[in-house]
1. Assuming R0 = 51 Å, what is the FRET efficiency of Leu112 and Leu202, from their Cβ-Cβ distance, to the nearest 0.05?
2. List the residues, sorted by chain then number, that are 5 or more residues from Asp252 or on another chain and whose placed amide H is less than 5 Å from its amide H.
3. Where nothing but the Cβ of Lys and Arg (+1) and of Asp and Glu (-1) is charged, how large is the charge dipole of the chain around its Cα centre, in debye to the nearest 20?
4. Among the GluC sites (Glu not before Pro) within the range 352-461, which fall in a DSSP loop and have no more than 12 other Cβ atoms within 10 Å of their own Cβ?
5. Can you list the HN-Hα couplings for the range 263-270, worked out from phi with the Karplus curve (6.51, -1.76, 1.60; θ = phi - 60°), rounded to whole Hz and with x for Gly and Pro?
6. Could you give the angle, 0 to 90 degrees to the nearest 10, between helix 147-159's Cα long axis and the longest principal axis of the Cα atoms of the chain?
7. Non-local amide H neighbours of Val194 (under 5 Å, H modeled in plane, Pro and chain starts lacking H): which ones?
8. Can you list the HN-Hα couplings for the range 304-315, worked out from phi with the Karplus curve (6.51, -1.76, 1.60; θ = phi - 60°), rounded to whole Hz and with x for Gly and Pro?
Amino acid sequence: MHLKALPGVDHLLELTKKKAPFRDIPRRVILESLRNALDHTRQAILADRDPCMTDDTLLDRAYRLATQKIRSRLVPVINATGVVLHTNLGRALLCEDALDNIQTIAQSYSNLELNIGTGKRGIRYEAVEDLICELTGAQSAIVVNNNAGAVLLALNTIAQDTQVVVSRGELVEIGGSFRIPDVMSKSGCILKEVGTTNRTHLKDYETAISDNTGLFLKVHASNYSIQGFTASVALKDLVVLGKAKTIPVMEDLGSGTLIDFSPYGLPAETTVADSVSTGADVVTFSGDKLLGGPQAGIIVGQKQTIDRIKTNPITRALRIDKLTLAALESTLKLYRDEERAVREIPTLRMLTISFEDICKKADRLFNILQKDIKADVEMDMADMTSRPGGGSFPDLTLPTRCITLRPRHMSVSKLETGMRESTPAIIARIEDNKYILDPRTIQSGQEDIISSTLTQILKKK
Ligand SMILES: *Cc1c(COP(=O)(O)O)cnc(C)c1O
């Protein structure tokens, strides 16, 4: 086989014009795909592999490459892992009101930075500031892109060039390389570690104070817990010490919740309102963890401090966009009626769903699957646990009832791969050599998709 026998790209391009499947593909994508297909064949010839190189095989290859290039890269997936706030799968799902509001604001001009009353320039954060203050009891609030940005911004504003005192037990790393010591140095602060990994006492903070101490920082451990012989200093004690020494106190709550989860059978997490009323000068938290809204970082605190944050140039660099603001406002509004929030915000709904209701979901899925795939798998239900995820409630497991599948004619890992590579991708876990579907995070209407995809994959053998 000779390189010279390869057709030219112009010749192939002409041919694609007569082929219907190429019609909706942009010309530049077709051209690049043809070049890639020709390259591939050229390499094969050079390697003496004697490739098939008719026009049709080249066009087929180019078509496959082109469809890969034009398909969306960010696509919906089905979360059958039971992990409610799955960072890899996009964390919180938005509530209906937020989705509607995003659409409304996206397709129309808005008063994003116009004060309709005066006709003068307005402030974008005002769309949510009063609401956040109402829900948290704070004097003032501001919102940026995410909580990592919120922490950076708050540290930089309050404590640049000064020492920030943090317990060694709270120097956490959050997924996606957010590490407190790194953020500290990027914000221009000097980290002053105190205590030990497992035990820190108030006197550790006290003896660390110098002329250059600018802030006491408390960080929620979020994604891990320290157990056994432990001690940490409560926010309220730090606040007392801070008042006595005129050193401000900041708390990074990480997830940050607006409601008390204990009435729903979950552990009592400190709410944002708790931290505010305890006297933290500044509190930061995420919009898309337990709050169940869009990705955002919320900073609340005393007016004086928040006012300084508002004029920091970094605030402009981290400013929240209007679609996020629209989603956040709608989500926050639901919190005025806790019952409604728990019913309508998907994150809260999935976390607080009763075991009884999970079992109903499991039964429904089991029945659908049983009709379709019984011949090809050993199928069962098992009481297992789901995790909240997203760095919230690190030790908590929620009782759930899963469907467990063991294929009769293929390996479990091949089934898992097949499901993951389907459209839409279905993400689930393998445990004990079984494929596990946790109904907690499966949305209504997805059962049939799961069933038909399983049927297809199992038939492939
Ligand atoms: C998650 C988390 C962050 C980062 O928040 P993002 O909204 O993901 O940027 C910061 N601090 C703590 C303690 C966290 O748990």
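1. For R0 = 51 Å, the calculated efficiency reads 0.65.
2. Answer set, sorted by chain and number: Lys218, Val219, His220, Thr284.
3. For the chain, the charge dipole is close to 1460 debye.
4. Working: sites: Glu356, Glu378, Glu416, Glu421, Glu431, Glu447; in loops: Glu421.
Listed in order of number, the matching sites are Glu421.
5. x, 9, x, 9, x, 6, 9, 4
6. Helix 147-159 and the main axis of the chain meet at about 30 degrees.
7. Val166, Ser167, Arg168
8. 4, 6, 5, 4, 5, 4, 4, 9, 6, x, 5, 4
A short reminder: the numbers here are calculations on the coordinates, not readings from a lab. In this text, all values refer to a predicted model and were calculated from it rather than measured experimentally. Quick reminder, even Gly has a Cβ in these numbers, built from the backbone with ideal geometry, and neighbours come from all protein chains shown.
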